[in-house]
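Data block below; observations after.
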Amino acid sequence: MADDEQELPAESNESQTVEVSDDDFDAKETTIAAEGDGLEHRQVTILRTRTHRRLDKYLAGRLGKNTSRTALQRYIREGNVTVSGRVVKPSYTISVGDVIDMMLPTTRPQEIPAEPIPLEIVYEDDDVLAVNKQANLIIHPARGNWSGTLVNALAYYFQKDWREEVTLPCNGEVFRPGIVHRLDRNTTGVILIAKTELALWRLGKQFEHRQTEKTYRAIVHGIVPLDEDIIDVPLGKHHKFREKMAVHRDTGRIHPIQVKEAVTRYKVLERFVLPSGMKFTYVELYPKTGRTHQLRVHMSHLGYPLVGDTMYGGWPLYESQLDGGSPSDVSGLLLNRQALHAHTIAFYHPRSEEKMSLTAPVPEDMQHVLDEIRKRC
């Protein structure tokens, strides 16, 4: 989770343990504490079992209607539910002595409040809405961030500006209405919203089968030597920090479920060597897969992290640094978020099947960085 997410009320650090049982299992459940990012940490130790049951079915029965089985399966695959310290599949069969460790979202609100968050509309028709997303905007409500998201802004937009009542399709995900793909919180650029069931289904299939073409712009530290190349390196969750992704060169021995293929093509647009000795490259990125943090991790893996991306080796940029000041002399902040922008997306319109290409201009903060660098070159 990002540093600037909403702070939750302080919780007691004391754990609470209770004995629980049903017709098939005896277990000991410990609620450790509510985490700072909106998660509740629970542990269930299986003391006795009278039957064989899948992990997802057992947890769905234990947690009741508050958490769906589909959501539980996703949490298990993502590593938010482990068994005796191991990532397992939802179909894992529970045994005596298993310690089920769960990091689950705390109680969700019952509805999505409409919030007057400004939106820059790139394109809109009866089926599709395209928005140029600003920085510091999460796509949809999730753990610890139940408001202030793009979905809250969409609720207000349709309530305020649409001639008729619009209910975005959700495909079972009530907090992700109309959402067919995502951008990181501080990544800017064009994002598509499905306004109809037809659009949600057909656009979703295009993303699933990699029929969309996405182009990103980024400013990275250092001089990328090759004009063009392909990065084909699998990604998985970091073994220590669950909010981070990491490159895995092996066959996935450490994280057998979470490691996935990840492919990015890049092209150098400009290279900059400043009199101060600082070096930057302006690149265009074409992801062939859509993994979490893929572009950020891949460029960092090459040794050229994105400017402002402190999670993966980059650092904020100041005018004083461009002019040759010492690292401790920081004045004239230029950028303190990852310099990554979703510039263009090409797709087939869900109704007309016409090939479309939508572009969002490079945001002011990134453009200002480029202007300042070029001026000094």
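The values are calculated or read from the model by the stated rules, or taken from the named source; none is laboratory data. Everything numeric in this text was worked out from a predicted model, so none of it was measured. Neighbour counts are summed over all protein chains in view; Cβ atoms, including those assigned to glycine, are modelled from backbone coordinates with ideal geometry.
Which residues, taken from region 309-334, are closer than 18 Å to Val362 by Cβ and either acidic (Asp, Glu) or free of Cβ contacts under 8 Å to residues at least 60 places away in the same chain (or both)? Within region 309-334, Asp309, Leu317, Leu334 meet the criteria.
Only a single item in (1) over 22 Å from Leu203 (Cβ atoms); (2) at pLDDT 75 or above is not met by Trp146, and it is number (2). When restricted to residues that are out of contact with any Phe, Trp or Tyr (no Cβ under 9 Å at 6 or more places or on another chain) and within 14 Å of Ala342 (Cα to Cα), region 121-130 contains 1.
Of all residue pairs spaced 6 or more apart or on separate chains, those with beta-carbon atoms under 9 Å, a first member in region 148-159 that is over 11 Å from Ile138 (Cβ atoms) and surrounded by fewer than 23 Cβ atoms within 10 Å (Cβ to Cβ) and a second member that is charged (D, E, K, R) and at pLDDT 90 or above are Ala155/Glu115; Tyr156/Glu115; Phe158/Lys195. Among the residues in region 173-189, are any acidic (Asp, Glu), modelled with pLDDT of 90 or more, closer than 28 Å to Leu295 by Cα and surrounded by 18 or more Cβ atoms within 10 Å (Cβ to Cβ)? Yes; the residues of region 173-189 include at least one that is acidic (Asp, Glu), modelled with pLDDT of 90 or more, closer than 28 Å to Leu295 by Cα and surrounded by 18 or more Cβ atoms within 10 Å (Cβ to Cβ).
Restricted to region 318-377, and to residues there that are more than 29 Å from Glu213 (Cα to Cα), exposed (fewer than 13 other Cβ atoms within 10 Å of the Cβ) and among the hydroxyl-bearing types (Ser, Thr, Tyr), the residue that is modelled with the highest pLDDT is Ser331. The set of residues from region 310-323 being closer than 22 Å to His368 by Cα and part of a helix (DSSP H, G or I) comprises Thr310, Glu319, Ser320, Gln321, Leu322.
Each row is one residue, and each column tells you yes or no for (1) modelled with pLDDT under 95; (2) outside any loop (DSSP other than H, G, I, E, B).
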position	(1), (2)
Ile254	yes, no
Leu269	no, yes
Gly277	yes, no
Thr281	no, yes
Leu285	no, yes
Gly290	yes, no
Leu295	no, yes
Met299	no, yes
Gly308	no, no
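Is it the case, given these coordinates, that Ile100 is at pLDDT 90 or above and touching a Lys or Arg at 6+ places or on another chain (Cβ under 7 Å)? Lay out the reasoning, then the answer.
Working: at pLDDT 90 or above: yes; touching a Lys or Arg at 6+ places or on another chain (Cβ under 7 Å): no.
No: the conditions fail for Ile100.
Scanning region 275-285 for residues that are of a type outside the set (S, T, N, Q) and either surrounded by 17 or more Cβ atoms within 10 Å (Cβ to Cβ) or without any contact (Cβ under 8 Å) to a residue 24 or more places away in the chain (or both) yields Met278, Phe280, Tyr282, Val283, Leu285.
One line per residue, one yes/no per condition, for (1) touching a helix residue (DSSP H, G or I) at 6+ places or on another chain (Cβ under 6 Å); (2) of a type in the set (Asp, Glu):
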residue	(1), (2)
Glu261	no, yes
Tyr266	no, no
Phe272	yes, no
Pro275	no, no
Leu285	yes, no
Thr292	no, no
His301	no, no
Tyr304	no, no
Gly313	yes, no
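Asp365 meets all of the listed conditions (1) touching a residue at least 40 places away in the same chain (Cβ under 8 Å); (2) in a loop (DSSP other than H, G, I, E, B); (3) acidic (Asp, Glu) but one, namely (2).
Going through Ile138, Ile117 one at a time, which residue ends up being surrounded by 13 or more Cβ atoms within 10 Å (Cβ to Cβ), in contact with a strand residue (DSSP E or B) (Cβ under 6 Å, 6 or more places away or on another chain) and modelled with pLDDT of 90 or more? Full working, then the answer.
Values: Ile117 fails: in contact with a strand residue (DSSP E or B) (Cβ under 6 Å, 6 or more places away or on another chain).
Only one candidate qualifies: Ile138.
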